[in-house]
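The values are calculated or read from the model by the stated rules, or taken from the named source; none is laboratory data. Since the model is a prediction, treat every value here as computed from it, not as a measurement. Virtual Cβ from ideal backbone geometry, glycine too; neighbours counted across all protein chains shown.
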Amino acid sequence: MRVYVPLTLPGLAEAHTTGTLGPGPLAAYAVTPALREWYLSDDIEELEYAALSRAATASLRLIAGDPAAARRRVVVAVDVPDQEAVADPDQLLGGSGLGEVRISSAVPLAKAAAVHVDADDAVADVSAAADALGAADQGDDDAQFTVDGAEDHELLWYGVQEIPNLIAELS
């Protein structure tokens, strides 16, 4: 199963140093039954993009909690055995945990298929979104508009072999 693990750039650097994503349990996002029902599509590429987008939002939350982290969302796509990614069967449709899975133990970075990271032009919007996230969670419509602005940016795809250069360039 392909899962999308939200990180920050310091988190990616740590994973590169240790060779693992973890320790467990890890929160990740995947195409779960609830995500399929909510998204109303049978196109696996669209469903995986929805899971990736959920992970990008979770990465934004990690950034908001770490003022020292670079203002770029980071998501690592990893392949794990189906039984290792456990979804809450009570996920609410449209809820913030939709598509979320738990992986009980650390995952070797060698199992990563790709890394997705914001481009340079997203930094200002991601920074503003991280700053506005708390107010958006409290129902502030202007803050939610700012958070949505970060979601307008597509994450770029990088091969796993590019992680050292990404860390050096973007940190």
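Given the conditions (1) surrounded by 18 or more Cβ atoms within 10 Å (Cβ to Cβ); (2) at pLDDT below 95; (3) in contact with a strand residue (DSSP E or B) (Cβ under 9 Å, 6 or more places away or on another chain), which single one is not true for Asp79?
Asp79 satisfies all of (1) surrounded by 18 or more Cβ atoms within 10 Å (Cβ to Cβ); (2) at pLDDT below 95; (3) in contact with a strand residue (DSSP E or B) (Cβ under 9 Å, 6 or more places away or on another chain) except (1).
Test each condition in (1) at pLDDT 90 or above; (2) out of contact with any Gly (no Cβ under 6 Å at 6 or more places or on another chain); (3) under 30 Å from Asn165 (Cβ atoms) for Gly24 and report the one that comes out false.
Answer for Gly24: the failing condition is (1).
Kindly establish whether Leu98 is farther than 20 Å from Gly22 by Cα, more than 18 Å from the chain's Cα centre (by Cα), in a loop (DSSP other than H, G, I, E, B) and at pLDDT below 95.
Details: farther than 20 Å from Gly22 by Cα: yes; more than 18 Å from the chain's Cα centre (by Cα): no; in a loop (DSSP other than H, G, I, E, B): yes; at pLDDT below 95: yes.
Spelling it out, it is not the case that Leu98 is farther than 20 Å from Gly22 by Cα, more than 18 Å from the chain's Cα centre (by Cα), in a loop (DSSP other than H, G, I, E, B) and at pLDDT below 95.
Criterion first (over 27 Å from Asn165 (Cβ atoms), part of a loop (DSSP other than H, G, I, E, B) and β-branched (Val, Ile, Thr)) does Val31 satisfy it?
yes
Looking only at residues in region 34-76 that are in contact (Cβ under 8 Å) with a residue 60 or more places away in the chain, β-branched (Val, Ile, Thr) and assigned to a helix (DSSP H, G or I), which one is surrounded by the most Cβ atoms within 10 Å (Cβ to Cβ)?
My answer is Ile63.
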